[in-house]
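The values are calculated or read from the model by the stated rules, or taken from the named source; none is laboratory data. Remember, it's a predicted structure, so these values are computed and weren't measured experimentally. When we count neighbours, we look across all protein chains shown, and the Cβ atoms used for this are built from the backbone with ideal geometry, even at glycine. Ligands, DNA and RNA are excluded from the accessible area calculation, which covers all protein heavy atoms including side chains. Shrake-Rupley method; radii C 1.70, N 1.55, O 1.52, S 1.80 Å.
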Amino acid sequence: MLKNEYLKRVYEQAEKRNAGEKEFLQAMREVLESLEPVVEKHPEYEREGVIERLVEPERFIQFRVPWVDDAGHVQVNRGFRVQFNSAIGPYKGGLRLHPSVTASVIKFLGFEQTFKNSLTGLPMGGGKGGSDFDPKGKSDAEVMRFCQSFMTELYRHVGQFTDVPAGDIGVGAREVGYMFGQYKRICNEYSGVLTGKGLTFGGSLARTEATGYGLCYFTEEALRCMKNDSFKGKTVVISGSGNVAIYATEKATELGAKVVALSDSSGYVYDADGIRLDVVKQIKLERRGRIKEYVDAVPTAEYHEGCAGIWTIPCDIALPCATQNELDENAARALVANGCKVVCEGANMPCTPEAISVLLDSGVLYGPAKAANAGGVAVSGLEMSQNSLRLSWTFEEVDARLKDIMKNIFHSAYDASKECGVEGNLMVGANVAGFLKVAQAMLAQGVV
């Protein structure tokens, strides 16, 4: 509940302007509630309209994306790019291809990205984009034609010093390659306009692993500092089975944990002996198959239809890595009842506000997405640096930089939580730490 009159007024105005955009309003409210103690100490934020400007995107672009399917039929999708805030650097954020993509989803992701990018310490503003196109079940030729059409409009709004998109749900190396090729063709230039590129044309080692690895580096540092503990010997449940979930599983296992469950949009698998990652990689990365195929290769495992049941599996650590609002109040209560002590977010806003309240009230160590899953955009920022320098760093160099960034993000959030009088509340700490850097830059640059 917002108590500060200034923040309440800003939220109510935003609510009217963005009526029905529930994801965006949810993300905005969480941040504004965290900022109350900071705003009360800094009247200049109200005087200079910082919060009003912060919640309004600098630019929102919507366009149609016509393309021709393999049967020769014309299809039309809707494309988006939000350029939310450029106070600390060029806009930076992924492109999502999924039927659930709407203006509200893109705005919430761009808003969150502003704070996430700030937390990395790298000079990147906040942006996000995508389309309601679904690459699942499409041929490579259909995906290529869609991506080329999408970039034929998007190219005029992006650039290495303006806006640098990356991948997100539904956008992997294949899609980034097609988009990069079209940008290069139209603009007649070879620049680092996209990150997540293939290694043969400017991509960075460790980018594929970055979000999952970074999630575990953040969680490990939080465990060490807040609970004098580690992943070693812990049972872990991870939702999702894309890159984030796969590489979180890999790193958690490497750190001594046992991951017992993964999921996709159809259901989840439970393997009491520990998930066999080689099988999952073959299914999801090589064949683009469904997670239920896991039990064909590992008959002792169990497959369950529906995703929600994954949170009823007893575990020490839960890492939601699928999609927004996947973990609700009932799921949070089930985790707490079964002894879960740590929930860190690999997806963007996977926990509902009610779930977060349950976790915090129960003393669970909760790592919010804008801090815990910042590893992907951190390595995207490192890819931008490599492109500008015209060189490549080794996997070990990038991984070491990633680890340092994630540890620093934890300490920034934790230190800010102490200064706000809510020590250990990493949600408040991450929001405040991310906000302060952006707000100071906005004040320094005048009313723009």
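Quick notes on this structure:
- Judged by the gyration tensor of its Cα atoms, with axes a ≥ b ≥ c, region 300-448 is oblate; a/c meets the 1.5 cut and b/c is at least as large as a/b.
- Annotation: amide H of residue 68 within the under-5 Å range of 75, sequence separation 5 or more or interchain, hydrogens built in the peptide plane.
- Working note: Karplus 6.51/-1.76/1.60 with θ = phi - 60° gives region 180-191 the couplings 4, x, 5, 4, 4, 5, 6, 8, 6, 8, 10, 9 Hz, where Gly and Pro are set to x.
- Values [x] 26.6, 83; [y] 20.9, 64; [z] 22.7, 65 are given for comparison; Rg and Dmax of the Cα atoms in Å, derived from the coordinates here, is the one labelled [y].
- C-alpha center-to-center spacing [region 335-370, region 183-254] in angstrom: 20
- Count Lys and Arg as plus one, Asp and Glu as minus one, and take only other residues whose Cβ is under 12 Å from that of residue 183; the net charge is then +1.
- When the Gaussian network model of the chain links Cα atoms closer than 10 Å, the mean-square fluctuations of 301, 433, 372 top out at 301.
- Contact order normalised by residue count of the chain, Cα under 8 Å, 6+ apart, percent: 15
- Residue-averaged 222 nm ellipticity for the chain, from DSSP H runs of 4+ at -39500 (n - 2.57), nearest 500: -15000 deg cm²/dmol
- Measuring nothing but protein heavy atoms, the accessible surface of region 383-448 at 1.4 Å probe radius is 51 percent carbon and sulfur.
- ³J(HN,Hα), Karplus 6.51/-1.76/1.60, whole Hz, each residue of region 99-113, x for Gly, Pro: x, 7, 5, 9, 4, 4, 5, 5, 5, 4, 5, x, 4, 4, 4
- Normalised per residue, the accessible area of region 302-448 is 39 Å², obtained with a 1.4 Å probe and no contribution from ligands, DNA or RNA.
- From phi via Karplus (6.51, -1.76, 1.60), per-residue ³J(HN,Hα) for region 431-448 in Hz, x at Gly/Pro: 4, 5, 4, x, 5, 4, 5, 5, 4, 5, 5, 4, 4, 5, 9, x, 7, 9
- The GNM of the chain, with springs linking C-alpha atoms under 10 angstrom apart, assigns the highest mean-square fluctuation among 388, 380, 86 to 388.
- Rolling a 1.4 Å probe across the protein heavy atoms gives region 133-210 an accessible surface of 41 Å² per residue.
- Amide H partners (placed H, <5 Å) of residue 367, local residues excluded: 343, 344, 345
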